[in-house]
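The values are calculated or read from the model by the stated rules, or taken from the named source; none is laboratory data. Everything quoted here is computed from the prediction, not taken from an experiment. Here the Cβ positions follow ideal geometry from the backbone for every residue, glycine too, while neighbour counts run over all protein chains shown.
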C-alpha cells in the first residue's frame, strides 16, 4: 500500500506541473488579456484629376558592354642630347605645358662658340682670297687681250681663282656645321606638349643619345583598352564607339584606330586603340572605358520621377480603371539620364503616374 500511495503522489505532482505550465503558456499568448483593437482600414489612394499618366511601353534599346582601358599619348616624345657637354640650365619641370621651339635645356657651348668664330674667320679670309684671285684673273685677261702678257699667266690665275672658290665652299660648309653644332647646345621642344619628366639637373654631363626631357602631345591622345576575344573579332578599324571618362564625368565618341592582331594569352583579350577629338581636361594615364554595342533587346524605361524610393525599395503607382492607385514594388536596372530601366514589377500596357506622389506625413 505504501508503494501505491507514492506512485499516486508522483502522478499528482506531474499533473499539477502540466496544468501550471499550460496556464503560463496561455497567459503569454494573451488569452487572459483583452485583444488589441484593430487599426483603421488601409487608406485607398486615388489619382488626382490633374495628375499626368503614362502608359508603360517596351522599347528596343542597344545593349552595350564596357571594356576598361587607359588614356595614353599617341605621340610620346623623348628629347635627347647630340653633344657631350655639361648641363647649364633646365627650364622646365614635370606637368609644364611647352610650345613648339621653347627652350628646354641649355648645355655648355663655350667651345662650340669658339669653333664657330674660328670657322667664320677662316671663311672670311677665303672669301677675301677669292676676291683677290678674281681680280687677278680679270687683269690677266685684259693684258692678254692687249698682247701684254702670255696665256700661261691667265691659266695660272684661272687655277688660283678656282682653288680660292673651292676653299670658300669648303669653309662655308665647315661654318654651317659649326653653327649647327652650336644650335645643338640649346635643346628646344620639337612640338607643343606637356612635360612628363626632366631627366637631368644643372651640372650633370649630357652625352650623345641621352634623354634629357620626355613629353607628350596632348592634342594626340588615345584610349587603349582590353576587349574580350569574342567581341574584339567583331570590331573593325574606322568604326565609331563610345568612350566614358569617369574622372571627367564625360561621354564622347571615338574612332577605332587599331586592333593589335595578337591576343593576350592569359586573358584572351585584344588591345584596341581608339582616337578622337581630345576632350578638355583629358590627360595621359587617366582611367577610361570603351562602350561597345553587343546587340539589341526590348526593355521598359520610365521616368525617374515616376518612382518613389523608400529606403532600398522602389515603388511605382499603377492607375486602375476606377481611378484608384496600386502601389507596385519594382526592380530597377540601369539609369540613362532621367530614364530608369525596369527589370520586374511592371508590364507593357499598364498605366502609371508620371510623377510619384509624395509620401503622406502624419
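Here are the numbers for the structure shown:
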read-out: Top-ranked residue in segment 239-291 [being assigned to a strand (DSSP E or B) and touching a helix residue (DSSP H, G or I) at 6+ places or on another chain (Cβ under 7 Å); ranked as surrounded by the fewest Cβ atoms within 10 Å (Cβ to Cβ)]; value: 287
read-out: Some residue of segment 229-236 being in the same structural domain as residue 284 (by TED's automatic domain parsing), part of a strand (DSSP E or B) and more than 14 Å from the chain's Cα centre (by Cα); value: no
read-out: Selected residue (only one of 54, 45 is more than 27 Å from the chain's Cα centre (by Cα) and modelled with pLDDT of 85 or more); value: 54
read-out: Yes/no for residue 119 being part of a helix (DSSP H, G or I) and surrounded by 12 or more Cβ atoms within 10 Å (Cβ to Cβ); value: yes
read-out: Lone qualifier among 106, 100 - being in a loop (DSSP other than H, G, I, E, B) and either under 17 Å from residue 210 (Cβ atoms) or out of contact with any strand residue (DSSP E or B) (no Cβ under 7 Å at 6 or more places or on another chain) (or both); value: 100
read-out: Filter result (under 17 Å from residue 293 (Cβ atoms) and touching a residue at least 60 places away in the same chain (Cβ under 8 Å)) within segment 235-279; value: 242, 244, 272
read-out: Any hit, segment 213-227, residues being loosely packed, with under 14 Cβ neighbours inside 10 Å and either at pLDDT 90 or above or under 30 Å from residue 295 (Cα atoms) (or both); value: no
